[in-house]
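The values are calculated or read from the model by the stated rules, or taken from the named source; none is laboratory data. Quantities reported herein were computed from a predicted structural model and do not represent experimental measurements. Neighbour counts are summed over all protein chains in view; Cβ atoms, including those assigned to glycine, are modelled from backbone coordinates with ideal geometry. Heads up: the accessible areas ignore ligands, DNA and RNA and are worked out on the full protein's heavy atoms, side chains in. Shrake-Rupley method; radii C 1.70, N 1.55, O 1.52, S 1.80 Å.
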Amino acid sequence: MIQRQKILITGRVQGVGFRPAVYRIAQALGLTGFVYNDTKGVTIELQGQEEGIAEFLARLQSQDKPPLADLKTCTVTELPAVAGEDKFIIKTSDAEGSALSQVTADIATCNDCLAELFAKENFRYGYPFINCTNCGPRYSIVKTIPYDRPNTTMSAFNMCDKCAAQYTDVADRRFHAQPVACGTCGPKIWLTNSKGKTIQTGTEDTIVEAARLLRAGKIVAIKGIGGFHLAVDALNDRAVKRLRQRKKRDHKPFAVMTDSIERIKKYAIVSESAERLLKSPQAPIVLLPRKEDSAIAPSVAECVDTLGFMLCYAPLHYLLFAQGLEVLVMTSGNVSDEPLICKNQIALERLGCIADAFLMHDREIYRQVDDSVIHFIDDKPVPLRRARGYVPTPIFMEINSLKDIFAAGADMKNTFCFVKQNQLICSEHIGDLEDAEVYHHYIDSIEHLRKLFEVEPKVVVCDLHPGYLSTQYAFSITDLKVIQVQHHWAHIASVLVEHGLSGPVIGIECDGTGYGTDGAIWGCECMIASLEKFERFGHLAYYDLAGADKASKEAVRPLLSLLKKSFGKDFQPSHFDWFLERIEDEPNNKSQIANRKSQIILEQLDKGINCVKTSSLGRVFDAVAAMLGLGSYNHFDAQLPMALEAIAADGIDEYYDYEFIKEAGEPMQLDLSMMFRQLVDDIENEWDASILSAKFHNTLCIALLAMAKQARESTKLDTVALSGGVFCNRYLTNRLIQQLRENGFRVLFNREIPSNDGGLSIGQAAIAAYLTSCDV
Ligand SMILES: [Zn+2]
Ligand SMILES: [Zn+2]
């Protein structure tokens, strides 16, 4: 019997070749009807035999599903059959209301394209820009909407007849693949020296020569999908050190790339879920436990026990590795903390003093997009940096915002976010706004993303910190009232919205710094939080931090303050013979200077000069790392905390003592003075630092668990949401999650966005969306 059904599909179904796939299956099964995109997803009306429709649904959800599609819901309703319909068609979206989003993320080379790349008989054999509907650049090449070839940087290239035939054939894998190209009609590669003089042309010769330079230990700047990488042989320690020195990046770990999982397994431990992630269309950098006998040059990643590996994700990468390369350092092509470079001329100007050669191409990158970085918490992938492969894919909310919203984010690890209806459209990782170029990039990026998604913000939301550049920017763009959201509340809100909740929950934030409602710098908080409001339930007891901005780099500042708090007013660093030797490795800081400096800081603390009160947990990590002799200066964000985590011994359950201070009408305070006194004893008894690190982490877990229990007792809530930058620490987070679960809590943590400040804009946006929709 002939039936007609209306099928509504939501999820990631636009811009992923979904409608052509629907068309192909309907054609094959002799079904009639139509398909179109609308604001909710994809709508299909399908007519034919009952079995045909059933098979259609089965195939659409399994073997014929486009690789990039992700079906969330599929709702089917019966309709009366339509007489005289004789074919299946793809309707344009416009006729049925505007579609959700047309621009998708940049996607790693798919297996079909990879097979063609190395198939001699294929006309794209060895072509470094092969791509199809299921792979290739998207977000990084779009200038404006609609997402059509003339609006991308591919407009510079006219398709040859062969490419055009595929592009216009609905049955072809390259149907409407905007960047489709071949060796005859598409972009080309060439090699230049560090001054920009062309030293090699021709695809094959260029790749052979670039690979030869890399094998010889040279630094080659390689233009990729989202920008330039600086590449060097990762097994050659001298070459890696030269890159470090030239890049002025003394300590931060470098990411590495290779072309197969088997090769990665030679150097790192790859779990099944890590393997899936490495091979995923997003192809992120995945932090993996490093094998002890790994041949990767030590200078690739010092002071950490992980390696950040990614698989090749552009055809050009595969062609290079096919020349017999083993593992390459592939670090962002920029100078220190400036934005990633994506233009040929700027690369030559800025990176000419770093790279020995440039592997160039003429497909313009319109938007620079960094590689994404993912690690595992509770055996689940969690981003540390959300960028290429993930952006601009929206995150969906349960609530529907009545107004478009702009959320400005934080100043460190900035991302910003737009709200449109039920979508959170979060930008790629922008960086630290205090760098002037990053700030300009921030402003440009806001306008670009706003146009791509046709957002007209009527509500602006930002952090509470009056000194944040993002806050000042938010106030500068509107005459309307700006919603200011406390930093840690936004962190918890980001967890809530990701899980489709509005709260209240018990929120635990472990963080570096965030401006508090009392003007203090918060950073270790327990709050009862919903999307509507929050109440501070407890926090780390305040300590004074001298020297404002310097305090986040120089561990001696929190260390002196915390020791003084623990040992009393008369504390002197000279009481401890380990003290000065452990804080003298700051730049240009010899021990006499260290001693004099300590005295100045102590005097500042005594007199309260240039001091702020803080409950920052990040600074406690800095202090403990310095006590354990792991260094006393953060050359990059969280260097000392990462070093402290890396040495924590497994199998230790001991912890130090702590106490809670409770004053009437005030939030409870966690005091770590006893821990510091016991830690000093352990140091003087020359206990192994790895054991002390574990005991320190364990103390925080047990104390935070105790605080959560108190919160549960007083509120009857039993869901805990964890967020904040310190929860990038795997030892702490995994242990705390386990202990909370053992004690009957339901535990939520960030899954799709970072728990560090890179996720803050999402939380701000969620709160603003909730407050606006509910008109609270
Ligand atoms: Zn492909
Ligand atoms: Zn062509």
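Numbers below:
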{"read-out": "Whichever residue in the stretch 735-764 is of a type in the set (A, V, I, L, M) and outside any helix (DSSP H, G or I) and, among such residues, is surrounded by the fewest Cβ atoms within 10 Å (Cβ to Cβ)", "value": "Val747"}
{"read-out": "Residues being open to solvent by less than 20 Å² (accessible area, probe 1.4 Å) and without any contact (Cβ under 8 Å) to a residue 24 or more places away in the chain - total across the stretch 258-281", "value": "0"}
{"read-out": "Selection status of Ala156, out of contact with any strand residue (DSSP E or B) (no Cβ under 6 Å at 6 or more places or on another chain) and either within 13 Å of ligand 2 (Cβ to nearest atom) or closer than 23 Å to Ala21 by Cα (or both)", "value": "no"}
{"read-out": "Thr92 being farther than 25 Å from Val35 by Cβ and more than 16 Å from ligand 2 (Cβ to nearest atom)", "value": "no"}
{"read-out": "Residue in the stretch 419-440 that is under 16 Å from Asn750 (Cβ atoms), open to solvent by 50 Å² or more (accessible area, probe 1.4 Å), assigned to a loop (DSSP other than H, G, I, E, B) and not β-branched (Val, Ile, Thr) present", "value": "no"}
{"read-out": "When residues of the stretch 171-187 are limited to those that are modelled with pLDDT of 95 or more and more than 17 Å from Thr152 (Cα to Cα), the one nearest to ligand 2 (Cβ to nearest atom)", "value": "Thr184"}
{"read-out": "Residue check for Val180: part of a loop (DSSP other than H, G, I, E, B), within 16 Å of ligand 1 (Cβ to nearest atom) and touching a residue at least 40 places away in the same chain (Cβ under 8 Å)", "value": "yes"}
{"read-out": "Hits in the stretch 124-166 - residues which are within 15 Å of ligand 1 (Cβ to nearest atom) and part of a loop (DSSP other than H, G, I, E, B)", "value": "Arg124, Tyr125, Tyr127, Pro128, Phe129, Ile130, Asn131, Thr133, Asn134, Pro137, Arg138"}
{"read-out": "Glu326 vs. criteria closer than 28 Å to Trp190 by Cα and outside any loop (DSSP other than H, G, I, E, B)", "value": "no"}
{"read-out": "Selection from the stretch 161-192 of residues that are open to solvent by 40 Å² or more (accessible area, probe 1.4 Å) and of a type in the set (Ser, Thr, Tyr)", "value": "Thr168, Thr184"}
{"read-out": "Test result for Asp172, among the acidic types (Asp, Glu), farther than 15 Å from Asp362 by Cβ and within 16 Å of ligand 1 (Cβ to nearest atom)", "value": "yes"}
{"read-out": "Selection from the stretch 676-733 of residues that are assigned to a loop (DSSP other than H, G, I, E, B) and under 28 Å from Phe376 (Cα atoms)", "value": "Asp688, Leu717, Asp718, Gly724, Asn729"}
{"read-out": "Out of Leu243, Leu230, Leu214, sole residue that is surrounded by 20 or more Cβ atoms within 10 Å (Cβ to Cβ), touching a helix residue (DSSP H, G or I) at 6+ places or on another chain (Cβ under 8 Å) and assigned to a helix (DSSP H, G or I)", "value": "Leu214"}
{"read-out": "Unique residue being open to solvent by 60 Å² or more (accessible area, probe 1.4 Å) and within 12 Å of ligand 2 (Cβ to nearest atom) when the list is Phe123, Phe129", "value": "Phe123"}
{"read-out": "Test: Lys195 is open to solvent by 20 Å² or more (accessible area, probe 1.4 Å), closer than 18 Å to Cys353 by Cβ and either away from ligand 2 (no atom under 16 Å from the Cβ) or touching a Lys or Arg at 6+ places or on another chain (Cβ under 8 Å) (or both)", "value": "yes"}
{"read-out": "Residue match in the stretch 341-350 (condition: open to solvent by 10 Å² or more (accessible area, probe 1.4 Å) and under 27 Å from Val726 (Cα atoms))", "value": "no"}
{"read-out": "Unmet requirement for Ala255, which otherwise passes all of (1) modelled with pLDDT of 95 or more; (2) within 16 Å of ligand 2 (Cβ to nearest atom)", "value": "(2)"}
{"read-out": "Test: residue in the stretch 282-300 that is more than 25 Å from Gln368 (Cα to Cα) and within 20 Å of the chain's Cα centre (by Cα)", "value": "yes"}
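Residue-by-condition table, conditions (1) touching a strand residue (DSSP E or B) at 6+ places or on another chain (Cβ under 7 Å); (2) more than 17 Å from Leu277 (Cβ to Cβ):
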{"position": "Leu348", "(1), (2)": "yes, yes"}
{"position": "Ala355", "(1), (2)": "yes, yes"}
{"position": "His361", "(1), (2)": "yes, yes"}
{"position": "Ile365", "(1), (2)": "no, yes"}
{"position": "Val373", "(1), (2)": "yes, no"}
{"position": "Asp378", "(1), (2)": "no, no"}
